[in-house]
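The values are calculated or read from the model by the stated rules, or taken from the named source; none is laboratory data. Just so we're clear, the structure is a prediction, and the values are computed from it rather than from any experiment. Methodologically, a virtual Cβ is constructed for each residue, glycine included, from the backbone with ideal geometry; neighbour enumeration extends over all protein chains shown. The area values use the complete protein model at the heavy-atom level, side chains included, leaving out ligands, DNA and RNA. Shrake-Rupley method; radii C 1.70, N 1.55, O 1.52, S 1.80 Å.
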Amino acid sequence: MIALLAVEWRRVLARRLVRVSAALAVLAVLAAGAIAFLVARDTDAANLAQAQAARQVEVQRCITGQLEGVPADVPADHRAEFCEQGFIPPVPDRRFHYEHLPEILVGTSGFAIILGWLLGASLVGAEWHAGTMATLLTWEPRRVRVLVAKLVAAGTLVFALTVVLQLLLGIALLPAGLLRGTTDGIDPDWLQSLSGVGLRVAAISVVGATLGASIATLGRNTAAALGIAFGYLAIVEPAIRGLRPNWSPWLLGDNIIVVITNQTQNTPLAGRSTLEAATLVACYTLALLAAALFAFRRRDIA
């Protein structure tokens, strides 16, 4: 098994798609760091605090009715929210807040899942398209071992690539935080939160790779995996949310969001823990993987 894994890892690293995808992802990370640096503006902390204090004075005048222009039909119990969130504009703060890096990683999770799905599907689907699967099985006839080795190689590649890209993103955004922003709020708790988000995003990218590879095995090509992914996420899940909202807690996408964000507020999964959502995602992934292994073992390869 170790020899088979070593072969698969070498084949994975030799594929042009992997190299091109990694290069494009690195370029995107560098571009994000450059854009953040150019857009951010360093603001004197004292002036910003003074402006925010002046805004709070205006908010209090709005709440007490001393400020002109406040609509009279605003209910008294909603006046504070109206003044704080809508009527009095916030003080512009164009500094780059490096402590928001965990939220940025959450925002990039969709890209990580798509990248994992694409690589997982192509690494298996390309074997069928090129007709090399039968040749591979003449060298290693134990089909389950072959497919498991491919999935492990794809999963480890996607996990490592996701982690490296997140580290590069953190480094690329650091100049904006140091020179044109603020690093306030960075402490051990922040590092723990950042590490948790990064590992959850990397783990979900492996789920995407496994799902893509499993569907590519069932459909015997990459296009099947990509088409099914688009159809499910763009058509099936939105239709279920609209027609059967009570089924939302069982949807794959909603549970993945809970796993990545580690919270259920403002989602149909209120009350479900991250562990429960992760367990459901794992069950769906293992079920599809089992179907792929069964089909790969039983069907003719020719």
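Basic side chains Lys and Arg get +1 at the Cβ, acidic Asp and Glu get -1 at the Cβ, and with that the dipole of segment 137-198 about its Cα centre reaches some 580 debye. Its Cα gyration tensor gives segment 186-246 an equivalent ellipsoid, and the semi-axes of that ellipsoid, as √(5λ) in whole Å with the largest first, are 31, 20, 7.
For R61 and A282 in one chain, what is 0.36 nm times their gap in residues minus the Cα-Cα distance, to one decimal in nm?
Here the segment from R61 to A282 would lengthen by 74.2 nm.
Scaling against 2.2 N^0.38 Å puts the C-alpha radius of gyration of segment 117-225 at 1.45. What the Cβ-Cβ distance of A31 and D189 gives, at R0 = 45 Å and to the nearest 0.05, is a FRET efficiency of 0.90. The residues of the chain expose, per residue, 55 Å² of accessible area to a 1.4 Å probe.
Taken about its Cα centre, the chain carries a charge dipole of about 1860 debye when Lys and Arg each add +1 at the Cβ and Asp and Glu each add -1 at the Cβ.
Only helices enter this figure: runs of n ≥ 4 DSSP H residues, each worth -39500 (n - 2.57), summed and divided by the residues of the chain, yield -24000 deg cm²/dmol at 222 nm to the nearest 500. Annotation for segment 11-25 versus segment 191-230: alpha-carbon center distance of 16 Å.
Just so you know, the Cα atoms of segment 143-302 work out to an Rg and Dmax of 18.7, 61 Å. Placing +1 on the Cβ of every Lys and Arg and -1 on the Cβ of every Asp and Glu, with nothing else charged, gives segment 193-298 a dipole about its Cα centre of roughly 260 debye. Across A176, A213, A239, mean-square fluctuation computed from a Gaussian network of the chain (C-alpha pairs under 10 Å connected) peaks at A239. Taking only protein heavy atoms and a 1.4 Å probe, the accessible area of segment 154-302 is 68% carbon and sulfur.
Highest mean first, how do 272-285, 101-114 rank when packing is the count of other Cβ atoms within 10 Å averaged over residues?
101-114, 272-285
The list [x] 6, 31, 39, 22, 2; [y] 6, 21, 24, 22, 14, 7, 4, 1, 0; [z] 6, 25, 36, 25, 7, 1 gives values of P(r) over Cα pairs in 10 Å bins from 0, in percent, and only one came from this structure; which label was calculated from it? Read-out taken from this structure: [y]. Label-to-label distance for L24 and I2 is 3.7 nm, based on points extended 7 Å past Cα in the beta-carbon direction.
Checking the a/c ratio against 1.5 first, then a/b against b/c, what shape does the Cα gyration tensor give for segment 197-282?
It comes out oblate by the Cα gyration axes.
Placing pseudo-labels 7 Å out from each Cα toward the beta carbon at V163 and R244 gives an inter-label distance of 3.9 nm.
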